[in-house]
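The values are calculated or read from the model by the stated rules, or taken from the named source; none is laboratory data. Keep in mind that this is a model prediction, so the values were computed, not measured. Positions of Cβ are backbone-derived with ideal geometry, glycine not excepted, and every protein chain shown enters the neighbour counts.
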There are 2 protein chains.
Amino acid sequence: MSLAQLHYFVAVAEEGHVGRAAARLRVAQPPVSRQLRALEDELGQALFERTPRGMRLLPPGERFLVYARAALSAIEQGRAAVTEARGTRGNVQ
Amino acid sequence: MSLAQLHYFVAVAEEGHVGRAAARLRVAQPPVSRQLRALEDELGQALFERTPRGMRLLPPGERFLVYARAALSAIEQGRAAVTEARGTRGNVQ
DNA sequence: CGGGCGCGAGATCGAAACGGTATTGGACGC
DNA sequence: GCGTCCAATACCGTTTCGATCTCGCGCCCG
């Protein structure tokens, strides 16, 4: 599992569309498809249902989405706690 | 930033020693040193103080450690929420 | 009912990242 | 001053990643 996979997963979950998610992420579509599949393979469980219209989140995907967002959010907070604390006095929140 | 970097960072923070952390992670010492430096470089801030005895966490490192652990923990929880839910009835937890 | 379209997936290739081994530089202890 | 222990660097082979091109499959439209 990689952070890119988590970013891809969240984007596709939000867009319901690999191509649109790829555009938002500024990458091509095939890498997103491949990483998504690799993620499902690693988890041993399908996260999306492939429809002719795009991707729809399955229940396991919805469960995973919560934690994927939490992880990415924690990383952003950690980055902020280090980066924005340069010269800051006291606690950040 | 990568998940490996977070794992390496937490291990070194806990061991206070790159070599020991590397042994625990079953990798060689240079990759750990390199990834740690890359992480500091990306954050634009030193996380450790290099001493002749090993590595000591600096205040920014301590702040970051909290979120690094949170991110890794969230990923583990997400993995569990998907993996262990195979055939499980009702909520986990 | 057949052609066109939009979607994700697969194949292939070049580039970038990663880890391992070998080695260096620096500080403490004897 | 020499040996030792530490992290850091150099270099190399392998792996992984992303971009481009192409295919297969359903659906909509004519």
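Would you point out the residue of the stretch A:24-44, among those that are over 20 Å from A:TYR67 (Cβ atoms) and not in a helix (DSSP H, G or I), that is nearest to DNA strand C (Cβ to nearest atom)?
Ranking the qualifying residues of the stretch A:24-44, first place goes to A:ALA28.
Here are A:ARG53, A:ARG37, A:ARG63, A:ARG69: which of them is among the charged types (D, E, K, R) and within 8 Å of chain B (Cβ to nearest Cβ)?
Selected residue: A:ARG63, the only one of A:ARG53, A:ARG37, A:ARG63, A:ARG69 that is among the charged types (D, E, K, R) and within 8 Å of chain B (Cβ to nearest Cβ).
Would you confirm whether or not the stretch A:73-87 contains a residue that is at pLDDT below 95, more than 27 Å from B:HIS7 (Cβ to Cβ) and out of contact with any Leu (no Cβ under 7 Å at 6 or more places or on another chain)?
Yes, the stretch A:73-87 contains at least one residue that is at pLDDT below 95, more than 27 Å from B:HIS7 (Cβ to Cβ) and out of contact with any Leu (no Cβ under 7 Å at 6 or more places or on another chain).
Looking at the stretch A:45-64, which of the residues that are surrounded by fewer than 20 Cβ atoms within 10 Å (Cβ to Cβ) and away from DNA strand C (no atom under 16 Å from the Cβ) is nearest to A:LEU6 (Cα to Cα)?
A:GLU62
Starting from residues that are within 14 Å of chain A (Cβ to nearest Cβ) and of a type outside the set (Gly, Ala, Ser), keep the ones in the stretch B:9-34 and report whichever is nearest to DNA strand D (Cβ to nearest atom).
B:PHE9
Could you list, ordered by first residue, the pairs with Cβ atoms under 7 Å in which the first is in the stretch A:16-35 and under 14 Å from A:LEU6 (Cβ atoms) and the second is near DNA strand D (Cβ under 10 Å from one of its atoms) and outside any helix (DSSP H, G or I), at least 6 apart or interchain?
Here the result reads none, with nothing in the stretch A:16-35 linked to a residue that is near DNA strand D (Cβ under 10 Å from one of its atoms) and outside any helix (DSSP H, G or I).
Could you list all residues from the stretch A:6-63 that are more than 26 Å from B:ARG89 (Cα to Cα) and β-branched (Val, Ile, Thr)?
A:VAL12, A:VAL18, A:VAL27, A:VAL32, A:THR51
Take the stretch B:63-93 and flag every residue that is within 16 Å of the chain's Cα centre (by Cα) and in contact (Cβ under 8 Å) with a residue 12 or more places away in the chain.
Hits for the stretch B:63-93 are B:PHE64, B:LEU65, B:ALA68, B:ARG69, B:ALA71, B:LEU72, B:ILE75.
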